[in-house]
Amino acid sequence: MPGTTRVEVRTLKVGRYVALEENAYKILGMSKSKPGKHGGAKARIELVDLFTGQKRSHVAPVTDSINVPMIEKGSAIITHIDGNEVHAMDNKTYEAMILPVEEGMDLAAGGEILWMEAMGRYKISRDH
């Protein structure tokens, strides 16, 4: 998968991220079972989608590899708002960005936002 790296399931921790089926998820909880008489140890991972908020769980052997998205974060200044899109300028690179607006956000031109990018999708992670 582009924009990801692979790690073993046993190295994952709560609060980190995983990529399944072209979506990026944050780990909410994790439990590991002990190896039994007829099989290896398994991990049950509780996840929430970064972009939709949908919850799901995933079960895998702890020795399996899993994709981890490379997440980029930054801050930007809002230049203007056009319908359901926020046009902003990145504070570090001065590049123009177009980000989707989520309901309940208090956004205004000239304000600062924190953004997050994972697997080619962008999200406003916090409005100031």
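Bear in mind these aren't lab numbers, they're just calculated from the coordinates by the rules spelled out. Just so you know, these numbers come straight off a predicted model, no measurement behind them. When we count neighbours, we look across all protein chains shown, and the Cβ atoms used for this are built from the backbone with ideal geometry, even at glycine.
A few remarks follow.
- Rg [Å, one decimal], Dmax [Å, integer] - the range 4-69, C-alpha atoms: 11.8, 40
- Pairs beyond 18 Å (Cα-Cα), from 26/123; 13/73; 13/37: 13/73; 13/37
- If the convex hull is drawn through the Cα atoms of the range 71-127, its volume per residue in Å³: 73
- Relative contact order of the range 71-127, taken over Cα pairs closer than 8 Å and 6 or more residues apart, is 36 percent.
- Model label points for residue 6 and residue 54, set 7 angstrom from Cα along the Cα-to-Cβ axis, are 2.6 nm apart.
- Applying 1/(1 + (r/R0)^6) with r as the Cβ-Cβ distance of residue 38 and residue 65 and R0 = 22 angstrom yields a FRET efficiency of 0.45.
- Annotation: Cα Rg of the chain relative to the compact-globule expectation 2.2 N^0.38 Å equals 1.29.
- Two-site FRET efficiency, residue 22 against residue 85, from Cβ-Cβ distance with R₀ of 30 Å, rounded to 0.05: 0.85
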